[in-house]
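Heads up, the thing below is written out as structure tokens.
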Amino acid sequence: MKHTNNAYGLDIHPLRNALYAELHSRPFQVIPSPAHISYLAVMIKPDQKEQEFANFCALYERFNLQPPSQDGACYELVCQGLTVRRDKHSEFTSYMVMRTNVDDKVPFEENPLSKLPQDWLQNIPGLVIGAFHLVIADARETPEPELSYVKEQFEGMRLVGSRPQNGDAQVWTSFQLHSDGCGRFLIYNKSMSDSQLGRMVLRVVEIETYRLMCLLALPLARKYTAQLVEMDNKLAKITNDLAEPNDTLDDSALLGELIDMAAWVEAARAKTSYRFSATRAYHDLVVKRLDELKEDEVSGHLTITEFMTRRLTPAVRTCNATGDHLESLSKRIDRVSDMMRTRVEMSIQSQNQHLLTSMDRRSKIQLAMQHTVEGLSVAAISYYSVGLLKFLIEAAYNKGLQFDKSLAIGISVPIVVGGVWWATRRIHKRFMLLAKKRED
């Protein structure tokens, strides 16, 4: 197929337009000061994606707007003083609802979520992992707020504060849930343009969202850490039993235990592998976004970077350590299983050797018995053959042939015995040759 979409008549790659569009699929928002923003991050299962998109299209219909014809990475709806931005990610879908031209004297008294239809919000499928409000105040022509005032907005909780973008803004948060079940960020714009502010707000939002997604693996890691210690002790006991000479060990039972342990480890790896990998990816994103903030310290308070690295990094290391522990335990079980299989194989070989020795002894006995039977059979056959020959000699003698009957019978005995012995040996040699040809 030819793709000519240029002034020169050149053949264009069918994916070129899509590749260009990819860099613009999630544009930065332009956010003025002041503004109120509410943010939701909802984890969507694969079978809920169509339902979630249909529910988003229903919001367009609520405001008598034309909904999009197909699902996409990013959509923005503007209506009645609200801007609703929907971004679709691999594990979650985010909703950012923004109001401008607001009164920033009562920062968190009202939020943009309350302006959306409540039944529509309740119909969003999935589980909410992140929910927080951001209040952006204009401090370009006013002094910075008093610390006591800021603390009131966070219900007296301990604050984390920083001056991102080399002091062009001031960000306050508590990284805790407040009375409305949501987190809070208070941002004072000191000298940033609307575009710069939009980029900084997006970084803050991503840091909080990716931080929550990153920590999803921590309960899994804690759950399996205790069980892994028990598995380590069990494997160490099995290894110690194998190392010490003990004829009473039940090899089959030990091998069964190892198989059960290997099955448990593989099941645990299957349940945790994706989550731990996602944790590493989200952590890398958090660290990158923190670097992009270019924070300065607010005197007496931890910066966002300091707070994050203090607790988030150890949590990620715990997840990595648990994943490595599972991998290490799997390899160790494989090695012990190989030792166990080798032990069982050696035991089977020893049993086979004893069996072959016993069979060889039996075959020698059977051969001796066979030779004995052959000797007896020669005597028996000779006896009956001489008896038959005796009838012939007597019949010939009674018909008038003159010879010494007793002498003839006596002479026939060694001849018959010799003939029977020779015939038996010939038959025996013939069967031996046939058996040898089959073996070859």
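Rule-based calculations on the coordinates, nothing more; no lab input. Keep in mind the model is a prediction, meaning the values are calculated, not measured. Positions of Cβ are generated from backbone atoms using ideal geometry, with glycine treated the same way; all protein chains shown enter the neighbour counts.
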FRET efficiency for Lys45 and Ala236 from the Cβ-Cβ distance with R0 = 41 Å, rounded to 0.05, comes out at 0.50
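If Lys and Arg each add +1 and Asp and Glu each add -1, what is the summed charge of the other residues whose beta carbon sits under 12 Å from the beta carbon of Ser299?
Details: positive: Arg163; negative: Glu144, Asp296, Glu297.
So the environment of Ser299 carries a net charge of -2.
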Compute a Gaussian network model of the chain, connecting alpha carbons closer than 10 Å, and tell me which residue from Lys390, Lys364, Lys115 fluctuates the most. Lys390
Taking 56 Å as R0, compute the FRET efficiency from the Cβ-Cβ separation of Ala54 and Arg335 and round it to 0.05. 0.60
Most mobile listed residue (Gly183, Gly167, Gly387) in the chain, GNM with C-alpha springs under 10 Å: Gly387
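Tell me the net charge near Val160. Cut-off is 13 Å between Cβ atoms, Val160 excluded, with +1 for each Lys or Arg and -1 for each Asp or Glu.
Numbers: positive: Lys151, Arg158, Arg163, Arg184, Arg211, Arg310, Arg311; negative: Glu208, Glu295, Glu297, Glu306.
That sum, taken over residues with Cβ under 13 Å, equals +3.
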For Lys234, net neighbour charge (Lys/Arg +1, Asp/Glu -1) across residues whose Cβ lies under 13 Å away: -3
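On a 21 Å Cα-Cα criterion, which of the cross-link pairs Lys364/Lys429; Lys88/Lys271; Lys151/Lys294; Lys105/Lys190; Lys88/Lys223; Lys105/Lys294 come out too long? List each step's numbers first, then the result.
Values: Lys364/Lys429 18 Å; Lys88/Lys271 24 Å; Lys151/Lys294 24 Å; Lys105/Lys190 17 Å; Lys88/Lys223 30 Å; Lys105/Lys294 28 Å.
Result: Lys88/Lys271; Lys151/Lys294; Lys88/Lys223; Lys105/Lys294 exceed 21 Å.
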Between 0 and 90 degrees, rounded to the nearest ten: what's the tilt of helix 405-439 against the longest Cα principal axis of the chain? 10
Each residue of the stretch 33-43 in order: what ³J(HN,Hα) in whole Hz does its phi give by Karplus 6.51 cos²θ - 1.76 cosθ + 1.60, θ = phi - 60°, with x for Gly and Pro? 10, x, 7, 10, 10, 10, 9, 10, 10, 10, 6
Compute the Kirkwood hydrodynamic radius of the chain, taking the inverse of the mean of 1/r over all pairs of distinct Cα atoms, and give it in Å to one decimal. 30.6
So for the stretch 316-440, averaging the separation of alpha carbon pairs under 8 Å that are six or more residues apart and normalising by length, what relative contact order in percent results? 22
Taking only Cα atoms, what is the 0 to 90° angle, nearest 10, from helix 251-293's long axis to the longest principal axis of the chain? 20
Nearest 500 deg cm²/dmol is fine: what mean residue ellipticity at 222 nm does the chain get from its DSSP H runs of n ≥ 4 alone, each adding -39,500 (n - 2.57), divided by its residue count? -21000 deg cm²/dmol
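Once you have the Kirkwood Rh of the stretch 83-202 from its Cα pairs, apply Stokes-Einstein at 4 °C and 1.567 mPa s and quote D in µm²/s. Walk me through the numbers on the way to the answer.
Details: Rh = 15.7 Å.
Translational diffusion coefficient: 83 µm²/s.
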Under the Karplus relation with 6.51, -1.76 and 1.60 and θ = phi - 60°, whole-Hz ³J(HN,Hα) for the stretch 150-167, x at Gly and Pro, equal 4, 5, 4, 5, 10, 6, x, 6, 5, 9, 10, x, 7, 10, x, 6, 6, x
